[in-house]
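Below: one structure, written as structure tokens.
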Amino acid sequence: MHEPLIESLARAGISRRNFSKYCATLASMMALPPMAGQAMAQALAATPAPAKRPSVIWLPFQECTGCTESITRSHSPTLEQLIFNSVSLDYQETLMAAAGHQAEEALHAAMKANEGKYLLIVDGSIPLGLDGAYSCIGGRSNLDTLKEVAKGAAAIIAMGSCASYGGLPRAHPNPTGAVSVSDIIKDKPIVNIPGCPPIPVVMTGVLAHFLTFGTLPELDKKGRPKSFYGETIHDRCYRRPFYDQGKFAKTFDDEGARNGWCLFELGCKGPVTYNSCATTKWNAGTSWPVESGHGCLGCSEPDFWDGGGFYQALSMPASPVKTVAVAASVGIAVGVGVSLMNRAKKSAAKLGHETTTLADLEKQK
């Protein structure tokens, strides 16, 4: 008889109350209905615990290990333990103890034992140049490995901007011929979790959704979970009121910057970047780049590296004062026009010509 997960969590110091609160919070962050939190709790704390945990295979390709670093630095280690106690992480080069032939044997053993059921996570782009020779593992190109492992996967998670869109390796002039996972794999469900790196809770949230419901969350047109990428940084930024007031920092150390004014004119890409940084934040919700005084780089968008200078404004925002002045001028002009029209109608009525036009009045003069 396998020990129920809730009992193993209790031994690790995680109470039922904290476990339930975590599931409820996670469901809320993913914009799921209230009952979804309860469903997550029941699924993740199944009694008895399943004899075999779902298999997860993580393939790191042409990347910097930032995505792995991010997920291991989850701001709640006990909750991170919860997620990884719910799955069997059968292959992940950076985290696994095995190396060399042992690691590759573990990969193929997991693929064989869980064919058609395992979840494949990929971080890093896939180089196509020189027949994939720019990045190889165990003497095989990333391209060959991806094709082989993807065949037996139930679904694929492209973790980070490199796996989602090609990322920095794909930046001009792209010497390695780097591409994204979706550029190669066309017959499997794929969810993109872009970011350089992605926010830890976004990564674990998508994993929890798959474990609970057996499906991927609702995605936007770029393959990203709508619950985390449904709004722009600009939509939820605490500096947004300053943008609307026309208060912008001109340099990173001027009075505007010290007062927390909008960083748009310093190149912030928040208005065109979809992510939940402004609400989820980083490091236990401590801060995020814009709160720390630096504009958004737009790292969760395709080709962000080649999208223009990081410190060049997308455009020059309209001055609120000028906008008000123009609106007032237009309003006055419209008011004068309406007044003249009304006077013309009254004059026509006095002359007994209800349909008299301004041209008719001119003729009568």
For a protection proxy built on the mean count of beta-carbon atoms within 10 angstrom, sort 121-131, 55-65, 239-249, 205-215 highest first, please. 121-131, 55-65, 205-215, 239-249
Report the relative contact order of the stretch 233-306, percent, no decimals, based on alpha-carbon pairs under 8 angstrom and at least 6 residues apart. 30 percent
Positive-end residue, the stretch 233-306 charge dipole about Cα centroid, Cβ charges, pick of G285, F304, L266: G285
Amide H neighbours of C296 at under 5 Å, excluding residues fewer than 5 places away on the same chain, with H built from the backbone geometry, are K269, G270
Of 298-304, 179-185, 255-261, ordering from highest average Cβ density within 10 Å down gives 298-304, 179-185, 255-261
Under 5 Å, built H, 5+ apart or other chain: amide partners of T273: I233, H234
Would you mind calculating the relative contact order of the stretch 52-228 from Cα pairs under 8 angstrom and at least 6 residues apart, reporting the percent as a whole number? 24 percent
Name the long-range amide H neighbours of A153: under 5 Å, sequence gap of 5 or more, or other chain; modelled H, no Pro or chain starts. G116
All aspartates and glutamates inside 13 Å of K281 as judged from Cα atoms, apart from same-chain residues fewer than 8 positions distant: E291
Please state the shape class of the stretch 52-228: rounded when a/c is under 1.5, otherwise prolate if a/b exceeds b/c and oblate if not, all from the C-alpha gyration tensor. rounded
In this model, which of K188/K226; K147/K221; K21/K186; K112/K186; K147/K226; K117/K221 are farther than 31 Å apart at the alpha-carbon? K21/K186
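All of the numbers you see were taken from the coordinates with simple rules; none came from a lab. Only a predicted model underlies this, so the values are computations on that prediction, with no experimental measurement involved. Cβ sites come from the backbone with ideal geometry, for glycine too, and all protein chains shown count toward neighbours.
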